[in-house]
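So the structure is just underneath, and the comments pick up after that.
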Amino acid sequence: MFMQRLRAGRIITGAEAGILGAALLLVMIFAIASDSFLTQYNVFNLTRTQSLYMFVALAQAIMLVTGNMNLSVGAIAGLTAVTFGYTVDTLGLPWPLCVLIALSVSLGTGFFNGFVMTKLGVNSFIVTLSTLFIFTGIVYGVSEGYSYRNIPASFKAIGRGSFLGLPYLFYLMLGTLGAVWYMFRYTIFGRQLLATGSNKEAAELSGINTNRIIMGANLLSSLFAGVGGLLWVSRLGSAQPAIGENWLIISFAVAIIGGTALAGGRITALGLFAGGLIMVLIKNGLILVQANVYFEQAFLGSIILLTILLDRAREVWSAKARKS
Amino acid sequence: MTLELVGLSKSFPGVKALDDVSATFHPGEVHALLGENGAGKSTLIKAICGIHAADAGVIKLDGETLKLGSLRDGLNKGITIVNQEIQVFSEASIAENIMIDKLELYREGRGLNWARLNADAADVLERVGLDLDPEDHIGDLSAAQKQLVQIGKALSRDAKVLLLDEPTSSITASEVERLFKLVRDLRSSGMTLIFVSHKLEEVLEICDRITVLRDGKHVGTELIADMTRETIVEMMIGRKLLIEAFPRLETDADDLALEVTNLAAPGLVKDASFGLRRGEVLGFYGLVGSGRTELARTLIGLYAKSAGTVKVNGAPVEIDSIGTAIEKHRIGYVSENRKEDGLFLDFDIETNITMPVWKRLRNPLTRAINGSRQRKIAADLMEALDVRATGPEQRVGDLSGGNQQKISIAKWLAADCDILIVDEPSVGVDVGAKAMIHKLIWDLAATQGKSVIVISSDMPEIISLASRILVFKEQRIVGDVPGLPEPGQTEDSVSRAIGRMMA
């Protein structure tokens, strides 16, 4: 998989190798440090959480690529989960239909975010900060804080079943990452997303309708968030209004550790995979080494900052290397 | 006061930006600082006003050796710079902007004596010839007015040496006149003025003396009275540069690739009508903001038009977006800001070149862009345009200015554009590359039958390339000048004709 910056060449870039190397190093450290780390149960759990994180991260990364952001990813997931819970539990509709309804709602939120960004010209930070609260408010207004517990077993199986020792979700993640990789590597839409994030004015002067591209990114972002929300329901076995509440830090952490440029124009599927792995390993590792979990957010925040600083240092270093 | 530079040198990693530069700037003179891009002008300016400390050499003001460690040190010694980007606190009033560094003087109890502050600001405005209320919001002023306010601010600080860095780059012709009047007044009052510009006409008009830099070295200091345009250029580039016009292209006045009638866009273009003949190079000459770039951008659908018709190959068309201009009507636009909105510097050459034609390279089944065809298109164009690079996968940001410009043009050739609009083709490229770009543009018309519009504020460039020149002023086309009738003739008659229209 390529570092997808629209530059041909090496199969794996230095940055990707770095992220992947860091993930492998963590795996090795934990494997040595803890006997319970490589047990089948733990591997199942880790990869399942990684897969869930991946949808959260993709929802953020797809916006970051265009030079925008989506602070409402968690709220969209919560709204999707509650819509699903309401239709399947309260209304008693068949769950495949409920999935469709719930995902339509998430696409609706993406459309709304995209509409305000492109047609009204409000920047993504402001738009999604507002809709974060709007969607969360609707979630609690509709659910009144209660979970929908009557979830069909066949739906729960998606988030709980496994194949060859790995969760279904893991394969779903691999397939999705493969599609994302293909999109950015080969399709016009994927390249136009990168072009828009790299230089919006130049993209416009090249005939790219950047508003359409940013709308597309919003729709995809909300779709990933919605799918993530539904998978979380499936794993938990109930549609809880609190789904998505702690997604903001995960979405940024995995996307940034995974090599997505904050300023836009760069994404890597392989890096995201490794970024998700690093994220679950750190969370898992903190428990294994019996760190005080109340400090978890401080650890994660520090790691995001460290990643950004490393990325910055690499940019400066490669700019220097080019000049000399 | 006399400003004296003695043996200034300054190195940056890999470059010697200033190499033993000595020069003297006298009071009561306007002294031009000239040189090509990269000659060391900016570094010298920054050394004079204290932003950069020189590695060697001294700066003396009336014999006193200055120790400048920052811009503030320079200001305290009476050395002030008025920048090319006009910097103001746009949310504040004019008076606040002028007095921002002197608020201490107006302290009264816990507040400020606003009446006195505003009255003093009004005096400053009067000195620079601005009839404005000092309490007005500065954000509403024009670029030229803001610049005059900045000069006023310098005066109120009792500046002895005033550096004007490209002061005319974003103001209109009549505003330039007003600025020059002020500059002359300041000169008579005994100020030492340093004028940095690449517009030689202005230098010849306003300056008394010139100092030319080349490759960080001091080439010479001369009285303007002893110089001509040609001798100045020769000093700047180190050899004689004759304006060698390309042979006239034979075109048919009735065979129009593009016909524009009464085109208007609110606040940008007024009532523009012209025809672009097939296979010709048509020049758009005018200052920044005169409507030339605006007309081009309206044509390609970037700005909305409010009136007028456009015909491509004789058929009326509606161009509402750049996508339509490129795909339906084969009109390509090479932006004047290559690095800002023309190219993707971080992407490779082939991506940059093929971006407009991805649709044609797509496999209908897999939706994938054919990578080998993409590479071939890029490689072929790189060869045709003689792009110097390691290959189609090289990062565009690593190419020289001239090669980057070729990539911007190649992009529209890849898209099979028949009409090319090239905005300021040689901005930021060196003299050798400039000649190559000119040859390339002319060849496109002469051998490939492309119809080309060249937009430029560089008069020699436009005279050597264009067979006809449209002159722009205040959002209108004010005239139509034929290019040089024959190669080898002087450009004087043409430039005089253009000059008359601009006046």
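The values are calculated or read from the model by the stated rules, or taken from the named source; none is laboratory data. As the structure is a prediction and not an experimental result, all values here were calculated from the model. Every residue, glycine among them, receives a Cβ derived from its backbone with ideal geometry; neighbour counts consider all protein chains shown.
What is the residue count in region B:435-460 for residues that are within 15 Å of the chain's Cα centre (by Cα), at pLDDT below 90 and not in a loop (DSSP other than H, G, I, E, B)? Can you show your working first?
Of the residues in region B:435-460, the ones within 15 Å of the chain's Cα centre (by Cα) are B:454-460.
Right, trim to at pLDDT below 90 and you get B:456-460.
Now restrict to residues that are not in a loop (DSSP other than H, G, I, E, B): B:456, B:459-460.
Selection size over region B:435-460: 3.
Select from region A:159-173 the residues that are without any contact (Cβ under 8 Å) to a residue 40 or more places away in the chain, surrounded by 15 or more Cβ atoms within 10 Å (Cβ to Cβ) and touching a Phe, Trp or Tyr at 6+ places or on another chain (Cβ under 9 Å) and list them in ascending order. Before you say what the answer is, go through the steps one by one.
Within region A:159-173, the subset without any contact (Cβ under 8 Å) to a residue 40 or more places away in the chain is A:161, A:163-164, A:168, A:171.
Okay, now just the ones that are also surrounded by 15 or more Cβ atoms within 10 Å (Cβ to Cβ), so A:168, A:171.
Within region A:159-173, A:Tyr171 is the sole residue that qualifies.
Starting from residues that are more than 19 Å from A:Ala261 (Cα to Cα), within 11 Å of chain B (Cβ to nearest Cβ) and not polar (S, T, N, Q), keep the ones in region A:192-218 and report whichever is surrounded by the most Cβ atoms within 10 Å (Cβ to Cβ).
The qualifying residue surrounded by the most Cβ atoms within 10 Å (Cβ to Cβ) is A:Leu205.
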| said: Can you confirm whether A:Gly271 is in contact with a helix residue (DSSP H, G or I) (Cβ under 7 Å, 6 or more places away or on another chain) and either free of Cβ contacts under 8 Å to residues at least 40 places away in the same chain or within 14 Å of chain B (Cβ to nearest Cβ) (or both)? | reply: no
| said: If I ask for residues that are in contact (Cβ under 8 Å) with a residue 24 or more places away in the chain and either surrounded by fewer than 18 Cβ atoms within 10 Å (Cβ to Cβ) or assigned to a helix (DSSP H, G or I) (or both), which ones from region B:163-183 would you list? | reply: B:Glu166, B:Ser169, B:Ala173, B:Glu175, B:Val176, B:Arg178, B:Leu179, B:Phe180, B:Lys181, B:Leu182, B:Val183
| said: What's the total number of residues in region B:314-359 that are more than 9 Å from chain A (Cβ to nearest Cβ) and among the hydroxyl-bearing types (Ser, Thr, Tyr)? | reply: 1
| With respect to B:Phe195, is the statement that it is modelled with pLDDT of 90 or more and among the aromatic types (Phe, Trp, Tyr) true? | yes
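With respect to A:Lys283, is the statement that it is within 14 Å of chain B (Cβ to nearest Cβ) and either surrounded by 12 or more Cβ atoms within 10 Å (Cβ to Cβ) or not hydrophobic (A, V, I, L, M, F, W, C) (or both) true? Steps first, answer last, please.
Numbers: within 14 Å of chain B (Cβ to nearest Cβ): no; either surrounded by 12 or more Cβ atoms within 10 Å (Cβ to Cβ) or not hydrophobic (A, V, I, L, M, F, W, C) (or both): yes.
For A:Lys283, the condition - within 14 Å of chain B (Cβ to nearest Cβ) and either surrounded by 12 or more Cβ atoms within 10 Å (Cβ to Cβ) or not hydrophobic (A, V, I, L, M, F, W, C) (or both) - is not met.
Are there any strands (runs of 3 or more DSSP E) wholly within region B:1-82 with 3 or more residues that are over 23 Å from the mean Cα position of the chain (by Cα) and exposed (fewer than 15 other Cβ atoms within 10 Å of the Cβ), and if so which?
Details: elements: B:3-12, B:15-25, B:29-34, B:56-61, B:64-66, B:79-82.
Strands (runs of 3 or more DSSP E) meeting the threshold: B:15-25.
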| task | Look at region B:126-144 and say how many of its residues are surrounded by 21 or more Cβ atoms within 10 Å (Cβ to Cβ) and not in a loop (DSSP other than H, G, I, E, B). | result | 1
| field | Selection from region A:1-17 of residues that are at pLDDT 70 or above, away from chain B (no Cβ under 14 Å) and buried (at least 16 other Cβ atoms within 10 Å of the Cβ) | value | A:Glu16
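Is region A:115-126 home to any residue that is under 18 Å from the mean Cα position of the chain (by Cα) and either within 14 Å of chain B (Cβ to nearest Cβ) or under 22 Å from A:Ser72 (Cβ atoms) (or both)? Walk me through how you get there before you give the answer.
Let us first name the residues in region A:115-126 that are under 18 Å from the mean Cα position of the chain (by Cα), namely A:124-125.
Within this subset, residues satisfying the condition of being either within 14 Å of chain B (Cβ to nearest Cβ) or under 22 Å from A:Ser72 (Cβ atoms) (or both) are A:124-125.
Among the residues of region A:115-126, at least one is under 18 Å from the mean Cα position of the chain (by Cα) and either within 14 Å of chain B (Cβ to nearest Cβ) or under 22 Å from A:Ser72 (Cβ atoms) (or both), which makes the answer yes.
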